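Here's a structure for you.
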Amino acid sequence: MTPVLELRDVHKVYPGTPPVASLRGVTVTVHAGDLVAVVGPSGSGKTTLLNLAAGLDRPSRGSVRIAGEPVERLGDRQLSGVRAHRLGVVFQQFVLLERSTALENVATGLFYRGVPAPERRRAAHAALDRAGLAHRAGFPVAHLSGGERQRVAIARSLVGRPAVVLADEPTGNLDSAAGDSVVALLHDLNAGGVTIVVITHDERIAASMRRRVSLRDGLVVADTGGGS
Amino acid sequence: MRSRLRLADLLPVSTAGLRARPGRTALSILGVAIGIAAMVAVLGVTRSSQAEVLAQIDRTGTNLLTVANGKTIRGAEAELPVTAGAAIARTEGVLSAAATATVPQHVYRNDRIPAGRTGGLSVRVADPGLLGTLDAALVDGRFLDPALARYPAVVLGHYAAGALGIADVSDGPRVWLGGHWFSVVGILAPVDLAPELDTAALIGAPVASEAFGYTGHPTRIFVRALTSRTAEVAGLLGRAADPAHPEQVAVSRPSEALTARIAVTGATTVLLLGLGAVALLVGGIGIANVLIISVLERRREIGLRRALGATRTHVGAQFLTESVLLGAAGGVAGVVLGSLMTWSMATVRGWQTLIPAPAVGAALAAAVLIGGCAGLYPALRAARLSPTEALRSV
Ligand SMILES: Nc1ncnc2c1ncn2[C@@H]1O[C@H](COP(=O)(O)OP(=O)(O)OP(=O)(O)O)[C@@H](O)[C@H]1O
Ligand SMILES: [Mg+2]
């Protein structure tokens, strides 16, 4: 089976004076069904790695394949299509449409697929239910707690059944109880078949994941627990 | 596996930003609305007033000519011969002619009014045929006839009657004219082509010569000519009125003055339209400004949409649609506002309200175009934003 993510010898240099080499030859492969933690000290290149895997940025050198699609050969239109259909992203700061309800926020996950609104709402209901937040569907997200907001963001990332969900420090803005419940949700979803890559600072969370990829200074220094 | 934004979704997503900030939205709409309103009002008022002038020309006809005393070679006021009126009436192509002459007297409400308070009213001698020649109408009473012309009877112009406080002639009102009591026998309706008659008190020639020593020299003769030969007749009138000094006779065609008035309003219209266009441009710049701020404020949302699969085109289209909507809303508001302005102005002046449909169409098109142009740069900025940069901003 094609890996859902395939990064081969990926470099990322941010131009400037001096230029910053954020990734210096990273090779990581993620298969369907994986639950991967990406760990490393601050500035080691974790977010850079996630941006590349999410098709939000392009590598300076090396190749990135998302669900088999080589990013370097895709134009903006096609790469956007890959993001719309194959990827779900969760951010540390949630990034929700504050004036909309939980349901509407989750439904935006299907917005750029050309799915009609009624169908979007149906799928959003199902995703909110999976995230354990069905009872908050009609609430404006501005009124929800941090943990609930992150669940909305997670529901939004998986509403379109993406090949992989990428989460950048999803518990970074939550207290430990809310963080634990979000981690439990990620485990549940993975058990249900969702492929998940989680960036985290938290050693405890990382330890709970089957596979851990450790970054340091833009290089993979350890990749443990992977099945294959 | 393409990303796709449904047309049905574009509209709500584009209005979301507008709905989120109603005050700012209203202000940026107002800018365009003022420009459009100015242009619609200018065109509407011009058209309504032109229609009014054209209607005046229509009512009075283009075949009316006036003959007045001109100047002598030395610049002094010339005098028309006493026989001028009769001679003109005999001229080929003339249907009718009626002479009038100013009399150096004043008219007052009664004999107790101080002599200085003339109210700008004049006293004129008028031929009984004047009413027919001018095609003028009476509001009340009757006009002078050969019999009445011998008696101290007066017909008041429309404004003069008002100034003298006389609304009708039913209870035999009198006015104090040149030191005599005159009975008011009639009141004229406004005379478009001879507005000087509106402020005049008209009396007969016989009573004028008897009471005020009027010598019979007319100062202005109104002539109705055959419509097809009006220009030709105008050329003959000088010699007919004063065979000895035809160059001292001033012949004019009042409808020409009205036509000239339309030409003058044309020039003013262009100037005012230019001002409206400037206002519209400023409104467009206002929209561009508001949108640039909006793009900056909504960077995170833009990043999110890109992460959810929006292409650059989708993001650009969202902001461009927003700005076109702002322009269109400004256009609609402006047309409504401009029509209201035209209507109130026309109503006050007693004109018919006319708003040219092409002007409305052009105004709406201009508003949409301005909105579109104003949105181009902000939309481009939004589209060019790098997703990772956009997501990192707070
Ligand atoms: N847009 C950018 N321009 C220049 N340098 C950048 C940019 N983004 C990241 N960097 C640099 O690249 C390096 C890696 O950054 P990255 O955000 O990937 O780290 P991180 O591992 O996510 O850190 P943290 O745990 O603090 O989030 C850092 O030195 C950072 O300063
Ligand atoms: Mg980071």
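Mind checking B:8-17 for the average number of partner chain beta-carbons within 10 Å of each residue's beta-carbon?
Values: counts 2, 8, 0, 0, 1, 2, 0, 0, 3, 0.
Across B:8-17, the average partner-chain Cβ count within 10 Å equals 2.
If you take the C-alpha gyration tensor of segment A:149-228, multiply each eigenvalue by 5 and take the square root, what semi-axes do you get, largest first, in whole Å? Walk me through the numbers on the way to the answer.
Working: eigenvalues 85, 51, 29 Å².
Semi-axes from the Cα gyration tensor: 21, 16, 12 Å.
May I ask for the angle, rounded to the nearest 10°, between helix A:176-191 and the longest principal axis of chain A, with both axes built from Cα atoms and the value confined to 0 to 90°?
80
What percent antiparallel are the DSSP beta bridges of segment B:139-243, to the nearest 5?
Numbers: 8 of 12 bridges.
Counting only bridges with both partners in segment B:139-243, antiparallel ones make up about 65 percent.
Counting heavy atoms of the protein chains only and a 1.4 Å probe, report the per residue accessible area for segment B:27-121 as a whole number of Å².
Values: 4650 Å² over 95 residues.
Result: 49 Å² per residue.
Thinking of chain B as a set of Cα atoms, what percent of all their pairs are more than 38 Å apart? Before the final figure, lay out the partial values.
Values: 36881 of 77421 pairs.
Counting pairs separated by more than 38 Å, the tail of P(r) holds 48 percent.
Let me ask another. When chain A is treated as a GNM, springs tying every alpha-carbon pair under 10 Å, which of A:Leu144, A:Leu52, A:Leu158 comes out with the largest mean-square fluctuation?
Among A:Leu144, A:Leu52, A:Leu158, the largest mean-square fluctuation in the Gaussian network model of chain A belongs to A:Leu144.
Could you list the residues of segment B:168-187 with an amide nitrogen less than 11 Å from a label point located 7 Å from the Cα of B:Tyr151 in the Cα-to-C-beta direction?
B:183-185
With all protein chains present, calculate the accessible area of A:Arg204 using a 1.4 Å probe and round the result to the nearest 10 Å².
Counting only protein heavy atoms, the figure is 140 Å².
So, for segment B:265-392, what is the accessible surface per residue at a probe of 1.4 Å, expressed in square angstrom?
Values: 5850 Å² over 128 residues.
Accessible area per residue, segment B:265-392: 46 Å².
Scan around B:Arg4 for amide H atoms under 5 Å from its own, H built in the peptide plane at 1.01 Å from N, and keep only partners 5 or more places away or cross-chain.
Here the answer is A:Arg113, A:Gly114, since their amide H atoms fall under 5 Å of that of B:Arg4.
Could you state the number of Å between the C-alpha centres of segment B:163-196 and segment A:58-131?
87
To the nearest 10 degrees, how steep is helix B:22-60 against the longest Cα principal axis of chain B, on a 0 to 90 scale?
With both axes taken from Cα atoms, the answer is about 30 degrees.
If one computes the Cα centroid of segment B:300-336 and of segment B:354-374, what distance in Å separates the two points?
When both Cα centres are located, 20 Å separates them.
For segment B:351-361, just list the computed ³J(HN,Hα) in residue order, Karplus coefficients 6.51, -1.76 and 1.60, θ = phi - 60°, integers in Hz, with x standing in for Gly and Pro.
Residue by residue, segment B:351-361 yields 8, 7, 7, 10, 10, x, 4, x, 5, 4, x Hz.
Continuing with this model, one more query. Taking the Cβ-Cβ separation of B:Ser228 and B:Asp111 as r and a Förster radius of 45 Å, what is the calculated FRET efficiency to the nearest 0.05?
On the way: r = 51 Å, r/R0 = 1.14.
Efficiency for this residue pair is about 0.30.
How much FRET efficiency would the formula 1/(1 + (r/R0)^6) give for B:Ser386 and A:Arg216, where r is the Cβ-Cβ distance and R0 is 22 Å, rounded to 0.05? The partial results should precede the final answer.
Numbers: r = 26 Å, r/R0 = 1.19.
Rounded to the nearest 0.05, the efficiency is 0.25.
Near the amide H of A:Val89, under 5 Å away, which other amide H atoms are found, from residues 5 or more places off or on another chain, if H is placed in the peptide plane?
Residues meeting the amide H criterion: A:Leu166.
If I ignore ligands, DNA and RNA and count only protein heavy atoms, how much of A:Asp129 is accessible to a 1.4 Å probe, in Å² to the nearest 10?
Roll a 1.4 Å probe over it and A:Asp129 shows about 100 Å².
Amide H to amide H, which residues 5 or more places from A:Val38 or on other chains are under 5 Å from it, using H placed in the peptide plane?
Under 5 Å from the amide H of A:Val38 lie the amide H atoms of A:Val198, A:Ile199, A:Thr200, A:Val213, each far enough along the sequence or on another chain.
Along Cα→Cβ, 7 Å out, is where each label goes; now give me the distance between the ones at B:Thr215 and B:Met345 in nm to one decimal.
For B:Thr215 paired with B:Met345, the spin-label model returns 4.9 nm.
Using a Gaussian network model of chain B whose springs link C-alpha atoms within less than 10 Å, name the residue from B:Leu296, B:Leu272, B:Leu258 with the highest mean-square fluctuation.
Between B:Leu296, B:Leu272, B:Leu258, it is B:Leu296 that shows the largest mean-square fluctuation.
With a 1.4 Å probe and all protein chains kept in place, how do B:Thr342, A:Thr29 rank by accessible area, largest first? Don't skip to the answer; put the middle values down first.
Details: B:Thr342 0, A:Thr29 45 Å².
Output order, biggest surface exposure first: A:Thr29, B:Thr342.
Using Cα-Cα distances under 8 Å and only pairs 6 or more residues apart, what relative contact order does chain A have, in percent?
Numbers: 472 pairs, mean separation 64.2, N = 228.
Relative contact order, chain A: 28 percent.
Suppose we flag trypsin sites (Lys or Arg not before Pro) only when DSSP calls them loop and at most 14 other Cβ atoms lie within 10 Å. Which is the longest uninterrupted stretch of chain B?
The answer is B:143-394.
If you don't mind, there's one more thing I want to ask. Taking each residue in A:93-99, count the Cβ atoms of any other chain within 10 Å of its Cβ, then average. What number comes out?
Going residue by residue through A:93-99 and averaging, the value is 4.
Other chains' Cβ within 10 Å of B:216-224 residues: what's the mean? Let's see the in-between values first.
Working: counts 0, 0, 0, 0, 0, 0, 0, 0, 0.
Mean shielding by partner chains, rounded to a whole number: 0.
While we're looking at this one, here's another question. Mind pulling the angle between the C-alpha long axis of helix B:230-241 and the longest principal axis of chain B? Nearest 10 degrees, somewhere in 0 to 90.
Taking the Cα atoms of chain B, the angle to B:230-241 is about 30 degrees.
Could you work out [θ]222 nm for chain B from helices alone, using -39500 (n - 2.57) per DSSP H run of at least four and dividing by all its residues? Round to the nearest 500 deg cm²/dmol. Before the final figure, lay out the partial values.
Details: 12 runs with 215 residues, N = 394.
So the calculated ellipticity at 222 nm is -18500 deg cm²/dmol.
Okay, next question. If I model a spin label at B:Leu281 and B:Ser393 as a point 7 Å from the Cα along the Cα→Cβ vector, what separation in nanometres do I get?
Taking the two extended label points, one gets 2.9 nm.
Between B:Ala267 and B:Ala362, what's the calculated FRET efficiency when r is the beta-carbon distance and R0 is 22 Å? Round to 0.05.
0.65
Using the Cα centre as the reference, give the magnitude of the dipole from point charges on the C-beta atoms of the protein assembly as shown (Lys, Arg: +1; Asp, Glu: -1; all else neutral), rounded to the nearest 20 debye.
Numbers: 61 positive and 46 negative charges, 545 e Å.
For the protein assembly as shown, the charge dipole is close to 2620 debye.
Comparing B:Thr219, B:Thr133, B:Thr311, which has the greatest mean-square fluctuation in the GNM of chain B with Cα pairs linked when under 10 Å apart?
Greatest mean-square fluctuation among the candidates belongs to B:Thr311.
The values are calculated or read from the model by the stated rules, or taken from the named source; none is laboratory data. Just so it is clear, the structure is predicted and the values come from calculations on it, not from any experiment. So basically every Cβ, Gly included, is an ideal-geometry build from the backbone, and we count neighbours across all protein chains shown. Each accessible area value is taken on the protein alone, full model and side chains, heavy atoms only, with ligands, DNA and RNA left out. Shrake-Rupley method; radii C 1.70, N 1.55, O 1.52, S 1.80 Å.
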